[in-house]
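Here's the structure, in structure tokens; my notes come after.
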Amino acid sequence: MHKVLEDLGKIGIIPVIKIDDPEKAVPLAKALIAGGIPCAEVTFRTAQGEEAIRRMAAEVPGILVGAGTVLTTDQVDRAIRAGAKYIVSPGLNPKVVAYCIEKGIPITPGCSNPSDIEAALELGLDVVKFFPAEQAGGLDYIKAVSAPYPSLKFIPTGGINAANISKYIAYNKILACGGSWMVGADLINAGDFAKITALAHEAILNIFGFSVAHFGLNAKSHEAAAKAAVLFNTLFGFPLKDGNSSVFAGDYIEIMKLPTASGANGHIAIGTNSIERAQVYLEGLGVVFDPSSVKTGPDGQKIVIFARDEILGFAWHLLQKK
């Protein structure tokens, strides 16, 4: 997979922008970055799209900007000259796809059925746009149609919004989602960049789905851990589940049997829909993770990683939701 597409996958959401005034391009890009979404797909639906891409690419180095609604090879050339790092098209035009491959720029053409997908695979693509996502059958359709193509990733676009993005992004064949609800033309034209930042931040948090998975409490011995767990059971009826290194009282209280457990007092597990995306986001906020703390599942995917610093004597880690 092209590195640009990998980077988009780490972000998880691609704002799809129709812009009427290129003067709004730079503050818009900065608003998205402030909200935690450092990427943008600026469409060629308006004559101002090319200039907007140029200004974003030149003046906001932190934004990963691409061109959308690209229909011709001429538009590919114009987008590349303006500074676009990736190309998106509503349908699969073999001529445009081949031209992008020749130019070395990643393209995600719109596909909505197995014939489109197989044409994309024949052209050497490993990521496609699924468009229009909701109208073409939504996530259930993607799950059904993707089964014969285990190596292919999708970027569903069309009908994605704050209410449904989390269910899409939780599926492991979704690279990212395209959406426009946080960058509506009315907000851009009004210059309401504070609202755009707020909606972008809300969208990115929806993707991560952060929640407290459980609290870990450190005991000084196996006996002390067992005693505390029994107390939780006696007082509150929390069922006990004994393990090698800890015992759970209910779903949310884990009592560590060894005094060498992480954290001076214990640990907090923060569940997330996407541990890889959440790690990238939090690192952008200054969090440092301990690579030696990584635990992986049977499929080799990361399921746990601890932050280096404690919070009030508690270690904390990200936990991949099932």
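The values are calculated or read from the model by the stated rules, or taken from the named source; none is laboratory data. Computed from a predicted model, the values in this text were never measured in an experiment. For neighbour counting, all protein chains shown are included, and Cβ atoms are generated from backbone atoms with ideal geometry for every residue, glycine included.
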Over the range 21-62, the set of residues of a type in the set (Val, Ile, Thr) and over 20 Å from LYS129 (Cβ atoms) is VAL26, ILE33, VAL60
Is it true that LYS85 is within 17 Å of VAL42 (Cβ to Cβ), assigned to a loop (DSSP other than H, G, I, E, B) and of a type in the set (Lys, Arg)?
yes
Report, ordered by the first and then the second residue, all pairs with beta carbons closer than 6 Å, sequence separation of six or more or different chains, a first member in the range 273-293 that is surrounded by 19 or more Cβ atoms within 10 Å (Cβ to Cβ), and a second member that is among the basic types (Lys, Arg).
ASN273/LYS321; ILE275/LYS302; ARG277/LYS10
Search the range 144-166 for residues being surrounded by 14 or more Cβ atoms within 10 Å (Cβ to Cβ) and assigned to a helix (DSSP H, G or I), and hand back the single one that is modelled with the lowest pLDDT.
SER166
Tally the residues that are surrounded by fewer than 15 Cβ atoms within 10 Å (Cβ to Cβ) and part of a loop (DSSP other than H, G, I, E, B), restricting the search to the range 102-127.
3
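Would you please name the residue that is farthest from the chain's Cα centre (by Cα), looking only at residues in the range 45-64 that are surrounded by fewer than 17 Cβ atoms within 10 Å (Cβ to Cβ) and in a loop (DSSP other than H, G, I, E, B)?
Within the range 45-64, the match that is farthest from the chain's Cα centre (by Cα) is ALA47.
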Do you know which of the residues in the range 20-44 that are out of contact with any Phe, Trp or Tyr (no Cβ under 8 Å at 6 or more places or on another chain), of a type in the set (A, V, I, L, M, F, W, C) and within 16 Å of GLY284 (Cα to Cα) is surrounded by the fewest Cβ atoms within 10 Å (Cβ to Cβ)?
ALA34
Any hit, the range 76-95, residues being surrounded by 20 or more Cβ atoms within 10 Å (Cβ to Cβ), touching a residue at least 40 places away in the same chain (Cβ under 8 Å), within 20 Å of GLY179 (Cβ to Cβ) and β-branched (Val, Ile, Thr):
yes
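Let's see how each residue does on (1) outside any helix (DSSP H, G or I); (2) at pLDDT below 95; (3) touching a helix residue (DSSP H, G or I) at 6+ places or on another chain (Cβ under 9 Å); (4) buried (at least 18 other Cβ atoms within 10 Å of the Cβ):
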site: LYS129; (1), (2), (3), (4): yes, no, no, yes
site: TYR141; (1), (2), (3), (4): no, no, no, no
site: MET182; (1), (2), (3), (4): no, no, yes, yes
site: LEU187; (1), (2), (3), (4): no, no, yes, yes
Going by the structure shown, is TYR171 within 29 Å of PHE208 (Cα to Cα) and either of a type in the set (Val, Ile, Thr) or surrounded by fewer than 21 Cβ atoms within 10 Å (Cβ to Cβ) (or both)?
yes
